[in-house]
Each structure stands twice: as structure tokens, then as C-alpha cells.
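Working notes, beginning with the structure itself.
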Number of protein chains: 2
Amino acid sequence: MFLVRICVIGSSGHYGYVLKALDKDCEIVAISPGFEGEDLTPLKKDLSKLGLSPKEYTDYGEMLDEEEPDIVVLNTIFSLNGKILKETLRRKIHTFVEKPIATTMEDLEEIREIYQQVKDDVFFAAMFGIRYKAHFLTAKKLLDDGVVGEVRLVNTQKSYKLGERPEFYKKRETFGGTIPWVGIHAIDWINWLIGKKFLKVYAVHSRKANRGHGELEATALCLFTLEDEIFASLTVDYLRPSGAPTHDDDKIKVVGTKGILEVRDGKVFVVDDQGFREVPLLKEGQIFRDFLRKVRNEGECMVTPEDSILATEVALKARLSADTGRIVEI
Amino acid sequence: MFLVRICVIGSSGHYGYVLKALDKDCEIVAISPGFEGEDLTPLKKDLSKLGLSPKEYTDYGEMLDEEEPDIVVLNTIFSLNGKILKETLRRKIHTFVEKPIATTMEDLEEIREIYQQVKDDVFFAAMFGIRYKAHFLTAKKLLDDGVVGEVRLVNTQKSYKLGERPEFYKKRETFGGTIPWVGIHAIDWINWLIGKKFLKVYAVHSRKANRGHGELEATALCLFTLEDEIFASLTVDYLRPSGAPTHDDDKIKVVGTKGILEVRDGKVFVVDDQGFREVPLLKEGQIFRDFLRKVRNEGECMVTPEDSILATEVALKARLSADTGRIVEI
């Protein structure tokens, strides 16, 4: 098998997915910041724990010119990921990119256009790694098997501990907003699990109680209308107390014509005409292993470029709704 | 103690609260339908189980003229409760009335005006009996004690089994809608537990999958903006499967600056900087006992006329939003 050569841009996101999935046929050949002055210390520390010390560039353009990697792992500050993605796609380099894949509609539209031109040669996927947790894979299987019948209503939750975030989280311009950064995961679940078209969104968000985090929104609610009069809610907060047993509290509830499925506390529950039961979990997956499989032409990746574009679009339109107080068509 | 004389109008709602709270100093002296042809069989059956056989009138006006009761229990078909409430208030009879207290804004505004004129002499309360369940009383105590700090976000859920409902549920004109009939409880919780002003609402609802129930909405979502940028969500469905262990699945989650409180499965949980814990429940209360206490001048009733008007107003405005697709100011 040919060696997959990987470059990492930035140290501000979920490069951890990549470090956990490296195999003997792939290698991180070089790293660089996404912009002058980005601190690469976290990434370099984690690499050195694995005994890795790839070449370090100060300029990602130079790195891409010199190294001609097969894959770029792109996770710099959030507002730059979309701008750099345009460049990696134009260069036809497969890109594993932090979500949201853009923080402005302009960048997203350009990405969509560029991708249309290069799609036969290049693959990319957003870091929707939560899909691969055992409880979400189990939910997906159950829903595909029709356990709830026809879906009518979906409730989702993202709740995170805030702690102390880096400076760039405190500015909308660099952070992008809590709906695109946190809420987008639940938007992706809805898209992936239900597979229905999003038609419109009404959303609200607030910066109050963000514990000194400037423009970061501590709370948000979104209400999505999908086709067939299916509705979906999303509640987001950064107020999970420090004493909570886990960093995050992900939840989804899917209400259908035959039953109700709930994912909470890492478990899956179904209630239907036969009663209430906890469902044994499928095995956990791993997003970057799936990504590698696709790049190596060994199979499909569950997160597609289309999914990555769609979830970003819906998140940015929810943010627009919350910013303007208007209902936004999708 | 003087004997409290009670008349019951209608057999289509929660008169059960009254039957469970009767004491030796009150008596159901007469019953009548709310309109010609209302079937009083359920009420009469339940009365006879208690060994009671009050006088039966065919016309409630005649009953009120003849009996001059201290209290009217008003629970006919939902669209008539508000119309009859206007009459009982004008007659200065204390009224324990089914929620919503009106199914049109016109009726509600008239009730508000009449109540302003008679408020020194008469009391009324909507049947928000769920407040008195042990888990909700416990949540109220914890929130009043400041366990979550400043409230920032509230998520509520009402999920019911549908079964086979009477004919009048199948017409908006007589039923009033699922948000005013079911969702209103959660609106009342938000008002009662959080005590902040509702500013606006965006809501959606759908009649799909209502299993032959005509115009009854099987699903709904509401997004409320309260003062101080506090947000509240409400999900409502009539799709709880017949095999579920309980008829209803009430939930509320209150996210604050110091902690998160959750009510689910009849239990109360708090997570804060000290960790996660289940909270022992307070003793259950009973709404009609509370109502009697107020009427007898022995204390206050936790559900006030103002609460009853407010929750109805918010529910009708949420229904208006869902009917029109517009954001509605409250």
C-alpha cells in the first residue's frame, strides 16, 4: 500500500482524531500554523507523545508547495479554515477540515463552487467525529431499520463546559459563533439521521453569562422546519457546570409514528408499542479511519463533502436568524 | 365552618381534581352539561363511585340561578369554557376552570376585563394541577432557593399518548389546538418557575400522523424569548407509544449560571460545581385543596387568576404564530 503523506495546518481544533487513527501506511510529514503567530504547542506536544516530530513550516503555502501531501488536516482558528480549504481544494488535496467548514456564507459559496469543479479528483470532510460514537451509530442503525416509523419531530441538545477558552473564541470574527461551532454537530445529526431537507430556521442566542468570553454566545435555541412538516429543535449552552461528570451532554430524541428513540448519557433507549427498552450499543467507529478508507479507495466515508457543506450552511443561516431576529429560508 | 356548595358544569375535563379533594365541609350540589347534548356519563359514574348523586340540570344557567353555588367547576368542551367563565365571573362565583381558560383572544380579553371589575369579590384558577406533583414542587423550591443561579435557558417537553379522543378534539373550533390544550402546561411551568416576562414566540405545529383525529395537531415546537435574553423551548407531541410505561412524559430542564436542574421520569436532578445528584422529593400537593383554601380565606392558591390568563395568552399567541408562520409579540 502506498504511503499516505499528511500535513497538518493549525493546532486550534480536533487534530486528535488524526493522531488516534494513524496506521503504518500513513505519516504526518509536516505541520504549519494557519497564520503567522498561531501557537502550535498543543499539536507538537501531542505529536511528541507519539514519538513524532514532523518538519515544521512557518507558512502553509510553502509547506504545500514543498511537500505535496495527499491529505491536509486543517484546523486553525475557525474563521480561517474556510479560506484555507478553498486553497487546498484548488490544489486538489484531500482535506480533513474542522467544522464549520466556513464562518461566512461568502466563503461557503466559494467552497461549493470550487468543489463542483474538482469533485472527481478530491475529497473533503468536516470533523463530525461525534457521529462515530457507539450511541450515535446505534441510533442511526435503529432509525434506518425503521424502529420509530416515519419521523415527525426531533429534539437535540448540545451542552458544554466553558472553562477558559483561547482568545480567538472571544471575537465573532475569529470564532464564528456558538451555533456554528457547537450547535453544528446537532444540525449534522439531524441531517444524517433523518435525511430530510431543511426548509427554514428561526433561532436566538445570547452572550449573557459567558464568563468573560467577549462575543461568545453562552446560550442558543434553534427551531428548524424540514420537509413534510417535520420539526427539529436544538438547544445549545456553554453553561454545563464544572462539577458535571462529563465535558458534554449530547442528547437527541426522535419521535416517529411507531416509536420514540432517545440518545442520552451515551445510551440509546427506544419506546414503542412493545414497551420501553435500552438498546445494546454497536461498536464505536472513528472518523479519520473512515476518511483514510475513502482516500485509499477502499470504501466510502460516512461524512461527505455534501454533508459538510449542508450542515455549515444551516448553521450559518441559524446564526443569521439569531443575529437579525428574522425567520431565514434555507 | 360553612359548607362550600359546588356545581359542576361539563364532563369533558379534569373534574377529577375536585372529586379527589372533597372534604366534609364541601358538597357537590348539582351538575349540568355545558351545552345541550354534552354526555355527563363519565362524571356521573365517578360521582356514583363516591356514593354521590347530585341534582342534575339540563341548563347551567338555570342551575346557577337555582343553586347559587359558592364554586363552579367548569370543564365542558374546550371552546365553551371561556364563554361560560365570563358568566360565572359576572355572577361573582369562584370558578375552578379547565385550561386554557379561553380558546380565542376575544374571549380571553373579555375575561380579563370582567375579572378586573370583580376581582375583589371573586377568585378563579385554571386546572394547572401538574404543578402540584412532587417533582414540580421540588423543582420550584430548588429554583427559589437559587440552586441554578440566574436562569438563562429553559427546555420543556409535553409528550402524551393519543389513544382515541372524543369527537370534539377533531375540530379546531371545539378543541382549540394542541398548543393551548397540552403545551399550555409547560408554558405555565415556565411562568411559575422562572417568573420572567414573555416577550415573543415563534411556533410550528402539524396535523400529520394524528391517527384520524381531524384537525388535532400531533406535533408542535415553540421558541419563547423572555426578558433578559432568557430563552425557552417547548416540544409537544401526541405520539407517545401505547407501550410506554406512563401516559405522559413531562420534562423540564433549567440551565442557570450556577447549575442545571432537570425534572424527568418524576425525579429531580441537579448538577452544579459540587457534582451531579438526585434530589429527594417534597410531598405532593393538590390543586383543588389549594383552591378551597383560598375560597375559605385560609390562605393563597398557588395558581392565580393572573397566571391563568397569562398562560392562556401565551398559548394562544404561540398557536397564532404556528398558524401564520410569523413571530408573535406577547
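The values are calculated or read from the model by the stated rules, or taken from the named source; none is laboratory data. Bear in mind that the values here come from a model prediction, so they are computed numbers and not experimental data. Because the Cβ atoms are built from the backbone with ideal geometry, glycine has one as well, and the counts that use them run over all protein chains shown.
Miscellaneous remarks
- A residue that is over 14 Å from B:LYS161 (Cα atoms), surrounded by 21 or more Cβ atoms within 10 Å (Cβ to Cβ) and more than 9 Å from chain A (Cβ to nearest Cβ) occurs somewhere in the range B:243-254.
- Where a residue in the range B:96-118 is without any contact (Cβ under 8 Å) to a residue 60 or more places away in the chain and its partner, wherever it lies, is outside any helix (DSSP H, G or I) and buried (at least 24 other Cβ atoms within 10 Å of the Cβ), with Cβ under 9 Å and at least six apart: B:ASP107/B:ILE101; B:GLU109/B:ALA102; B:GLU110/B:ALA102
- Residue within the range A:301-316 that is surrounded by fewer than 21 Cβ atoms within 10 Å (Cβ to Cβ), more than 9 Å from every other protein chain (Cβ to nearest Cβ), without any contact (Cβ under 8 Å) to a residue 60 or more places away in the chain and hydrophobic (A, V, I, L, M, F, W, C) present: no
- Looking at B:VAL72, B:VAL4, just one residue is in contact (Cβ under 8 Å) with a residue 24 or more places away in the chain and either crowded, with 24+ Cβ neighbours inside 10 Å or charged (D, E, K, R) (or both), and that residue is B:VAL72.
- Subset of the range B:220-242 [under 19 Å from the mean Cα position of the chain (by Cα) and either without any contact (Cβ under 8 Å) to a residue 40 or more places away in the chain or surrounded by fewer than 22 Cβ atoms within 10 Å (Cβ to Cβ) (or both)]: B:LEU221
- Candidates B:LEU153, B:LEU142, B:LEU199, filtered to the one that is more than 19 Å from the chain's Cα centre (by Cα), outside the structural domain of B:SER12 (by TED's automatic domain parsing), closer than 22 Å to B:THR257 by Cα and surrounded by 22 or more Cβ atoms within 10 Å (Cβ to Cβ): B:LEU153
- One residue stands out in the range B:260-305 among those that are within 13 Å of the chain's Cα centre (by Cα) and part of a helix (DSSP H, G or I): the one that is nearest to B:LEU85 (Cα to Cα), namely B:PRO305.
- For the range A:276-294, the set of residues classified as exposed (fewer than 12 other Cβ atoms within 10 Å of the Cβ) and within 14 Å of chain B (Cβ to nearest Cβ) consists of A:GLU278 only.
- The range B:14-32 - residue that is touching an Asp or Glu at 6+ places or on another chain (Cβ under 9 Å) and buried (at least 22 other Cβ atoms within 10 Å of the Cβ) and, of those, nearest to B:ARG293 (Cα to Cα): B:TYR15
- Search result, residues across the range A:89-110 that are in a helix (DSSP H, G or I) and crowded, with 24+ Cβ neighbours inside 10 Å: A:LEU89
- Pairing each residue of the range B:263-275 that is within 7 Å of another protein chain (Cβ to nearest Cβ) with any residue that is modelled with pLDDT of 95 or more and assigned to a strand (DSSP E or B), provided the two are 6+ apart or on different chains, yields C-beta distances under 7 Å for B:VAL271/B:GLY259; B:VAL271/B:ILE260; B:ASP272/B:GLY259.
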